[in-house]
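Taking it in order: structure first as structure tokens, then the write-up.
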Amino acid sequence: MISGNKLKPIIGGLILIIGGLILIGYNEAIPTNPEYISDGFDFPVGKPNAIGYTDKQPFGKNYHLGSDWNGNGGGNTDLGDNIYAISNGFVKSAKNLGGGWGNVIRIIHELTDGKQYESIYAHLDKILIKPNTFVKKGQVIGTIGTNNGQYLAHLHFEIRSFTNMGIRGGYSWFTMGYLNPTEFIKANRKVKK
């Protein structure tokens, strides 16, 4: 018989495996269009290098699952500033999700090898694109908002390696499927064709 202390790591491992299986992504079934295959990634603000913006709450800080981009002027000085598609892609969703998320855009980016990534842009003041359409890298897709006054103006931005994950809280110790947006963009400015 296995004692309780020996069972704890086994149970913990099983929970992680089951959680991983729930989250493990599969490619989204999106329309294919060779003109919109991703050729590299830029930052979502201060096109293309986040000029004039600071990541005030980076990935991992306080278990944050994304980056919170704020204008260098602070407060609401960036309210209404443009948000750009970080790469070519397909707009999976563009709508108000309510709660702490507000207006959210979800874009699937497909690479030449078929691998997909998802970028998520939240708390927008305005959504300037339609769902089920294609976008080009650097295209204006929305504007920075406050989620109807819930926060000071900023862009909550995520990159996910699994494209079928639901919208959850923006904080968790469990980061499977979530990528550090700044590290990912810096490592993938140009994608090999």
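The values are calculated or read from the model by the stated rules, or taken from the named source; none is laboratory data. All figures in this text were calculated on a predicted structure; none of them were measured in a lab. Methodologically, a virtual Cβ is constructed for each residue, glycine included, from the backbone with ideal geometry; neighbour enumeration extends over all protein chains shown. Just the protein is used for accessible areas: all its heavy atoms, side chains included, with ligands, DNA and RNA removed. Shrake-Rupley method; radii C 1.70, N 1.55, O 1.52, S 1.80 Å.
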So Val191 passes all but one of these: (1) under 11 Å from the mean Cα position of the chain (by Cα); (2) closer than 17 Å to Asn49 by Cα; (3) at pLDDT below 85. Which condition number does it fail?
(1)
Which numbered condition trips up Asn62, out of (1) open to solvent by 30 Å² or more (accessible area, probe 1.4 Å); (2) closer than 28 Å to Glu35 by Cα?
(2)
Just for the range 39-59: of the residues that are of a type outside the set (Val, Ile, Thr) and part of a strand (DSSP E or B), which one is most open to solvent (accessible area, probe 1.4 Å)?
Lys56
With Lys186, Lys136 as the choices, which residue is at pLDDT 90 or above, among the charged types (D, E, K, R) and out of contact with any helix residue (DSSP H, G or I) (no Cβ under 9 Å at 6 or more places or on another chain)?
Lys186
Yes or no: Asp68 in a loop (DSSP other than H, G, I, E, B) and open to solvent by less than 40 Å² (accessible area, probe 1.4 Å)?
no
Within the range 71-84, count every residue that is buried (at least 20 other Cβ atoms within 10 Å of the Cβ) and among the small types (Gly, Ala, Ser).
1
Would you check which residues across the range 39-54 are farther than 19 Å from Gly89 by Cα and of a type in the set (A, V, I, L, M, F, W, C) and list them?
Ala50, Ile51
